[in-house]
Amino acid sequence: MFQITKKFKDHNINCSAIKMGNDLNISIYGGDVSHIGAVALGIPRVSLEDKNKISSSVSLITVTGHKEDVIVQNVAKNVASKINRTVVVCCGIHIENITFDEIQGINNLIDDIVNELVQSIKKPYIK
């Protein structure tokens, strides 16, 4: 299991990942209230542009009114492609009165967290 918590201002942003056989279940949550805002399923496939590369397809479910769909879609697409495994990503981060610049800051922090996740789990998947 992978677990990391990083600070964004006064808030914890958490990421946990659990191997489920060869697949990966990732949860990203935090802020004032953790919740389920969106879920994505990333499935690796051969790239349509280059048959020597792995890409992915993503399916998405979003709770009405929530904005985490962009986060889960990007994470599922990137992680599934990089580790060549099926990935589920769930995200729910609520910060009261958040600004657009703060949203950008959280997105950057999540990118850093996900890169750390991929680096820490990629090696065990390599055969």
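Scanning region 14-26 for residues being touching a residue at least 60 places away in the same chain (Cβ under 8 Å) and in a strand (DSSP E or B) gives a total of 7.
Annotation: LYS7 fulfils all but one of (1) in a strand (DSSP E or B); (2) touching a residue at least 12 places away in the same chain (Cβ under 8 Å); the unmet one is (2). Inside region 77-102, residues that are in contact (Cβ under 8 Å) with a residue 24 or more places away in the chain and either acidic (Asp, Glu) or out of contact with any helix residue (DSSP H, G or I) (no Cβ under 9 Å at 6 or more places or on another chain) (or both) make up a count of 7. For ILE4, state whether it is touching a helix residue (DSSP H, G or I) at 6+ places or on another chain (Cβ under 7 Å), under 20 Å from ASN108 (Cα atoms) and modelled with pLDDT under 95. For ILE4, the condition - touching a helix residue (DSSP H, G or I) at 6+ places or on another chain (Cβ under 7 Å), under 20 Å from ASN108 (Cα atoms) and modelled with pLDDT under 95 - is met.
In region 70-88, the count of residues that are in contact with a Ser or Thr (Cβ under 7 Å, 6 or more places away or on another chain) and within 23 Å of ASP10 (Cα to Cα) is zero. Among the residues of region 69-84, those identified as of a type in the set (D, E, K, R) and modelled with pLDDT of 95 or more are ASP69, LYS77.
The values are calculated or read from the model by the stated rules, or taken from the named source; none is laboratory data. Remember, predicted model here, so these are calculated numbers, not experimental data. Glycine also receives a Cβ, built like all others from the backbone with ideal geometry; neighbour counts cover every protein chain displayed.
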